[in-house]
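The values are calculated or read from the model by the stated rules, or taken from the named source; none is laboratory data. All values derive from a computational prediction rather than experimental measurement. As a convention, Cβ positions derive from the backbone with ideal geometry for all residues, glycine included, and neighbour counts pool all protein chains shown.
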Amino acid sequence: MSNEPTPDDEPTGAIDNDFAANEREARDQIESKLGEYNRGVEGFGVAIDLVYHRPVFVRRQVAPSCVAYWEDGKDFDITTYKAHPYLPITPDDAVFECVYIPTKPGDIRHDAGDRTYDFPTGRLARVPLENLWDSDARPQDEFRAACLGALIANGGYTDTVEEAARNVFGDDVVDDAVARTETSD
């Protein structure tokens, strides 16, 4: 008599799939859940500096990658700067110009001067401001739609402008701008 299990003895349920099928299913579920979150950093946003745990205002993107940043003539490798090797930073991370947000009245500067810092994406944890007022749109996109809406309302909106706006801002922002002007009529 053999000790091999027969088809009737095999387990059923979640463990009856082979390992690869279970792995794909879990990966698909996780990727689907992560897809619900807009995690990208972009200009005019707020993020937390993961090194100092302080909020920063993200002014603009200064390089599409750490490699491009170095090739632009910077005198150091931003991927290995200070604590960066211990953060999830890659050579492909975009680099953003940031400024620290004062968290106490005494930290507010009264004099002018450049106090900007360039950080790779992996050093920044985006703060989803849109969640503060239960919106699906980022504040940057709301501002873009409002500006385009004003352009439409004042007659400066042409097919060429619309095409450029769709290429730069995306269809959702342009459609929101058009809808804003239609509801204000």
Report, by residue number, each residue of the stretch 44-54 that is farther than 18 Å from residue 88 by Cα, at pLDDT 85 or above and not aliphatic (A, V, I, L, M). 45
Where residues in the stretch 148-163 are aliphatic (A, V, I, L, M) and more than 28 Å from residue 40 (Cα to Cα), which of them is surrounded by the most Cβ atoms within 10 Å (Cβ to Cβ)? 152
Those residues of the stretch 98-116 which are under 19 Å from residue 60 (Cα atoms) and touching a residue at least 40 places away in the same chain (Cβ under 8 Å), in sequence order: 98, 99, 100, 101, 116
Check residue 107 against each of (1) in contact with a strand residue (DSSP E or B) (Cβ under 9 Å, 6 or more places away or on another chain); (2) closer than 22 Å to residue 39 by Cα; (3) acidic (Asp, Glu) and name the one condition it does not meet. (2)
Selection count where residues are among the acidic types (Asp, Glu), more than 18 Å from the chain's Cα centre (by Cα) and under 15 Å from residue 46 (Cβ atoms), scope the stretch 110-147: 0
Entirely in the stretch 63-173, the strands (runs of 3 or more DSSP E) that have 1 or more residues that are touching a helix residue (DSSP H, G or I) at 6+ places or on another chain (Cβ under 9 Å): 95-100, 116-120
Considering only residues that are farther than 15 Å from residue 171 by Cα and either hydrophobic (A, V, I, L, M, F, W, C) or touching a strand residue (DSSP E or B) at 6+ places or on another chain (Cβ under 9 Å) (or both), which ones fall in the stretch 148-160? 150, 151, 152, 153
Looking at this structure, is residue 67 at pLDDT 85 or above, under 26 Å from residue 169 (Cβ atoms) and surrounded by 16 or more Cβ atoms within 10 Å (Cβ to Cβ)? no
Could you count how many residues in the stretch 91-111 are within 29 Å of residue 79 (Cα to Cα), aliphatic (A, V, I, L, M) and surrounded by fewer than 17 Cβ atoms within 10 Å (Cβ to Cβ)? 2
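If I filter the stretch 81-90 for residues that are over 22 Å from residue 127 (Cα atoms), among the hydrophobic types (A, V, I, L, M, F, W, C), in contact with a strand residue (DSSP E or B) (Cβ under 7 Å, 6 or more places away or on another chain) and modelled with pLDDT of 85 or more, do I get at least one hit? Even if it seems obvious, please write down each step before you answer.
Let us first name the residues in the stretch 81-90 that are over 22 Å from residue 127 (Cα atoms), namely 81-82, 85.
Pick out the ones that are also among the hydrophobic types (A, V, I, L, M, F, W, C) and you get none.
So far as the stretch 81-90 goes, no, none of its residues is over 22 Å from residue 127 (Cα atoms), among the hydrophobic types (A, V, I, L, M, F, W, C), in contact with a strand residue (DSSP E or B) (Cβ under 7 Å, 6 or more places away or on another chain) and modelled with pLDDT of 85 or more.
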